[in-house]
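A quick write-up on the structure given underneath.
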Amino acid sequence: MGTSDIAIKGAKGTGAFGRFAHEYMIVLITIGVFVCATIACTIKFGDPSTFLNVQNMVNILRASSVMGIIALGMAFVIISGNIDLSVGAQMVFVGIASFSVINGLEPYIGAYGAIFVGIATAVAMSVALSIMCGFIVTKGIVPSFIITLGLSYIYRSLSIFELQSGGINIKTKVFQNISNSSLGPVPMPVIYFFIVFAFYLYVSRYTVLGRRIYAAGSNAQATRLSGINTDWVKIQAFALLGLTVAIAAIVEGSRMNSMNSSSSGLGYDLNTIAMAVVGGVAMEGGKGNFVNVLFGIIILGVINNILTIMGMDVYLVNAVKGGIIIAAVLLLRSRGKLN
């Protein structure tokens, strides 16, 4: 084999590794985060199993499930070329309405009937609010950033006014079983999260709506000229987000047995956006893979978990988390996963 043959073979090998890194960069980043977390625990505690154990992995998924559910819906909105900064406040607003319905109806139709109506109320209300938001954004031709920021203030203010800055508890104990039970060793919030993930993955890959959301986010004008109502497509993307916000409100409310008007849902908007973007969803719209979004959710969950285990000063946690998020996104962009 001549020198030129070796060079050609080497170039092909490099190309193969480059293609692998390009396609699976998010997986490599996830593995890197796990390795770094394990090393950090080994150095501090002398035992890698402080982090790397089955129960802690379950804890990471359970702690990430509520925001992860919203992040899946957020991914659709970002892919459509928009953004939603109101999801945390909307979750609280919807949760308060739903729990009020449950508490009010339980004496008349029983716990199970009241819970069914309460969940239906949460879904209908949240989807309707998100459709309204999408309608204002598309028909008003106003940046979604501004509209959803304003809606966030409205939802939070109305919630605080209704409960006078306090919270609401669910009187029926049956409601707590929605989140505070397990299927074997797996907590129910984790089950809900993966059900939503499977459904949204299916929508993104195998439905007309999914393909149209990608098309509208990639090139709205060309999509419109092809005969597709891009405004309606984007409104539907917001509706998909509204559904996840309703599910998150029920799961979170059941887990905590309450919803606080002032503190619940704080930071959920930016954290869910970060999960989607770290998972490779392009902020410009039109690009994103829901399997990669799953890894983005896991990465943020691991970061939160390891910083807690390491006992980092609470005032520095967000600074470190922000730095890691920036590094991950820059690494993905450098490999062409974000454009």
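Backbone geometry of the range 49-57 corresponds, through the Karplus equation with coefficients 6.51, -1.76 and 1.60 at θ = phi - 60°, to 3J(HN,Hα) couplings of 6, 4, 9, 8, 9, 4, 4, 5, 5 Hz, x marking Gly and Pro.
Taking amide H atoms as placed 1.01 Å from N in the peptide plane, the amide H of LEU85 lies under 5 Å from those of THR148, LEU149, each 5 or more residues away in sequence or on another chain.
Over the residues of the chain, the helix contribution to mean residue ellipticity at 222 nm works out to -26500 deg cm²/dmol, using -39500 (n - 2.57) for each DSSP H run of at least 4. Taken about its Cα centre, the range 182-304 carries a charge dipole of about 340 debye when Lys and Arg each add +1 at the Cβ and Asp and Glu each add -1 at the Cβ.
Sorted fewest first by neighbouring Cβ atoms within 10 angstrom, ARG212, ARG255 come out as ARG255, ARG212. The eigenvalues of the Cα gyration tensor, multiplied by 5 and square-rooted, give the range 43-92 an equivalent ellipsoid with semi-axes of 33, 12, 10 Å from largest to smallest.
Compactness of the range 67-192 is given as radius of gyration and Dmax, 16.4, 49 Å, from Cα positions.
Sorted ascending by nearby beta carbons within 10 Å, beginning with the fewest, LEU241, LEU129, LEU300 become LEU129, LEU300, LEU241. As a proxy for reagent exposure, MET67, MET74 were ordered by neighbouring Cβ count within 10 angstrom, fewest first; the result is MET67, MET74.
Given +1 at the Cβ of Lys and Arg, -1 at the Cβ of Asp and Glu and no other charges, the dipole of the range 3-334 around its Cα centre is 540 debye to the nearest 20. Dipole orientation for the chain: of the candidates MET91, ILE131, ALA222, ALA222 has the Cα lying most toward the positive pole (charges on Cβ; Lys, Arg +1; Asp, Glu -1).
Candidates TYR200, CYS41, GLY150 compared by Cα position along the dipole of the range 3-334: farthest toward the positive end lies TYR200, with charges placed on Cβ. Rounded to the nearest whole Hz, the Karplus-based 3J(HN,Hα) values (6.51 cos²θ - 1.76 cosθ + 1.60, θ = phi - 60°) of the range 282-293 follow the sequence 6, 4, 6, x, x, 9, x, 10, 5, 5, 5, 4, with x at glycine and proline. Computed from phi, the 3J(HN,Hα) profile of the range 118-135 under the Karplus parametrisation 6.51, -1.76, 1.60 (θ = phi - 60°) reads x, 5, 4, 4, 4, 5, 4, 5, 5, 5, 5, 5, 5, 5, 4, 4, x, 5 Hz, with x in place of Gly and Pro.
Residues whose amide H lies under 5 Å from that of SER80, counting only those 5 or more places away or on a different chain, are GLY286; hydrogens are built 1.01 Å from N in the peptide plane.
Shown here are the Rg and Dmax of the Cα trace of the range 3-334, at 21.5, 86 Å.
The GNM of the chain, with springs linking C-alpha atoms under 10 angstrom apart, assigns the highest mean-square fluctuation among ASN177, ASN82, ASN260 to ASN177. In the structure shown, the pairs LYS171/LYS234; LYS139/LYS287; LYS44/LYS321 are assessed against 31 Å; a Cα-Cα span above that value is assigned to LYS171/LYS234. Put simply, the amide H of GLY167, placed in the peptide plane, has neighbours under 5 Å in SER261, leaving out anything fewer than 5 places away on its chain.
No lab work stands behind these numbers, since they all come straight from the coordinates. None of these values were measured; they are calculated from a predicted model. So basically every Cβ, Gly included, is an ideal-geometry build from the backbone, and we count neighbours across all protein chains shown.
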